[in-house]
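The values are calculated or read from the model by the stated rules, or taken from the named source; none is laboratory data. The model shown is predicted, which means the values in this text are computed figures rather than measured ones. Methodologically, a virtual Cβ is constructed for each residue, glycine included, from the backbone with ideal geometry; neighbour enumeration extends over all protein chains shown. Quick note on the areas: whole protein, heavy atoms, side chains included, nothing else; ligands and nucleic acids left out. Shrake-Rupley method; radii C 1.70, N 1.55, O 1.52, S 1.80 Å.
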Amino acid sequence: MRRALLLIAIILVSMFLPFTSAQFGTISVAGSITVVRGDYSEGTLLLTNNAGVIYSVVSYQSFWVEDTNGNRVEGFNFTMFPRVFPNWGRGQNKTVKYNLTVSKDVLPGNYTLYLRFIATYSGDVYILKAKVPVEVLASPLTFTSAYSYVPGRGDVPYVFLGESVTVYSHVINIGHFNATVNVFSALLLGSNNYSVVSKNVTVPPGDTLIRLSLPVGWNYPEGNYTLIYRVSYGDQSYTYTKKLAVSLGVRLVGVSVEKESVLLNDTLKAYVTIISERDINATISCVAVINGTKSFAAKTREITLSPGTSVVQLSLPTSKPGNVSAVIGLSVHGRSGGNDTVHYTVYALPSIGSLSAKLLNSTLEVSALLLNPTPEAVSGTLEYKVLANGTSLYADVLDVAIPPGKKGLSFRFNVPKGVNVTYSFKLNALGRVSVKEGSLWVPAPKPKPSPTQTPTTTSTTLQSNTTSTTGEANGGGFPWWPVVGILIVVAVVVVLYYQNQPKKGRTRKTPKRRSPLGRFKRPKPPKFHERDSLPKKK
């Protein structure tokens, strides 16, 4: 009770005690205060007795604030607890809680908060002063540095089409009220913005993480982009930029073909070299154009790529002969990864173009047309067989040389009559076989009519020959057998006509007219006998 009364007495005395009759001292303060204008700050201060005495009682009296020029500034309100400290020994620390409120009218800057204390020691009164540095902020927010990365690959200077870029930063709100910030981010290429994000974010007191994801579309052009990230609050802003290379990450290096010429329907391989920087599925396409005018084959193939260099085999179309240009391309999600063109020639195989056959009496003449579409002469074998009612008549194998283009060959075979004759020719060239076959009926000879028999009716049947041929015939000659048949029919008709005419009675021949002079006999010419000499005179 006595201590309380003493403290009250000291306070009352200090209110009326002039400063000139008191001694002065200081109290040191550890720390500083940071506060946002229009807001408040609260916390603790550590006060230390720097004097070499033990104060009986120390009491907080008042405060004031000065700017850097020493001018007092209004708009501050300060409170602390506790306000009285009994028996404060030398070098001893005291911890107090404080609350500092700042008006919106206070300009941002650095200030000094002065605290005034009254203390007693051995009946003497001391006036003590403490100084606290104060920083007044215009904004409660602090923007930390931003960072960006590609998910799955970290902080890299490039990004692939179809991926995304994530950018983030921390915003620290030291105030006691929510603040609203604007966040803007985009990928800039030239004067065009891609993946633009702009939104307002509410930042509560404390530390807030702001994160944005910017997708890189498959339709974006490849090139060097600039990543822009900006956080704004009033006049306060923070901007982050980063250079990023955007690419497909897959590239077709080149295409090679295993050989420049191939036979029709043979296998031909192309080797496609691809460099990939990513794990991804891709498509290889092939479009073949023959003789530079018409597309005749198109195909696609799905492949899976991994980082590194890959060589992919692709079958090329060889279904049509001619000069072929094959355009081979690489694409990922509709984006081209490059293309290349290979050229090759497809040669058709030598073959038997056609077979034509004709029958002249007992002679079968077969004409074979050999085709060689390749640009060089081809050697091979030609095997033929001729059968009559299944019985072999002729068989042989010939060596043939076929120049580029066409070559015609003729064969004659004596065949029996009244049989079905079949013939087959087989060409073996460049390891391939071409076969053509045909058949025809050889009619039997007609029996001659008996001389004593008078035919009343006669029928003539023309036997048609059947030949299986394809392609173009070569040098068959004029078909005389229809003409011969027509002449025979005409002759038979004439004979029958005259045989059916009625017979006339016999009449005596009119005697020849005789000369009126009677029978005249031409005299014989005189004969002269030559002699060897004149007759002798008698």
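Things to note:
- The sole residue among 168, 149 that is in a strand (DSSP E or B), hydroxyl-bearing (Ser, Thr, Tyr), at pLDDT 95 or above and farther than 30 Å from residue 43 by Cβ is 149.
- Residue 135 vs. criteria modelled with pLDDT of 95 or more, under 44 Å from the mean Cα position of the chain (by Cα) and not basic (Lys, Arg): no
- Restricting the range 74-101 to residues that are touching a strand residue (DSSP E or B) at 6+ places or on another chain (Cβ under 6 Å), without any contact (Cβ under 8 Å) to a residue 40 or more places away in the chain and open to solvent by 40 Å² or more (accessible area, probe 1.4 Å), the residue that is nearest to residue 50 (Cα to Cα): 83
- Sole residue being open to solvent by 10 Å² or more (accessible area, probe 1.4 Å) and either at pLDDT below 95 or at negative phi (or both), chosen from 173, 192: 192
- Where residue 104 falls short, out of the listed (1) among the charged types (D, E, K, R); (2) under 60 Å from the mean Cα position of the chain (by Cα); (3) open to solvent by 60 Å² or more (accessible area, probe 1.4 Å): (2)
- Residue match in the range 37-45 (condition: of a type in the set (A, V, I, L, M, F, W, C) and in contact (Cβ under 8 Å) with a residue 40 or more places away in the chain): yes
- For the range 195-224, the set of residues classified as open to solvent by less than 60 Å² (accessible area, probe 1.4 Å), in contact (Cβ under 8 Å) with a residue 40 or more places away in the chain and within 18 Å of residue 149 (Cβ to Cβ) consists of 210, 212, 214, 216, listed by residue number.
- Test: residue in the range 84-104 that is over 28 Å from residue 179 (Cα atoms), of a type in the set (Gly, Ala, Ser) and in a loop (DSSP other than H, G, I, E, B): yes
- Of all the residues in the range 158-170, those that are in contact with a Pro (Cβ under 9 Å, 6 or more places away or on another chain) and buried (at least 20 other Cβ atoms within 10 Å of the Cβ) number 1.
- Residues in the range 248-294 that are open to solvent by 70 Å² or more (accessible area, probe 1.4 Å) and of a type in the set (A, V, I, L, M, F, W, C): 253 alone.
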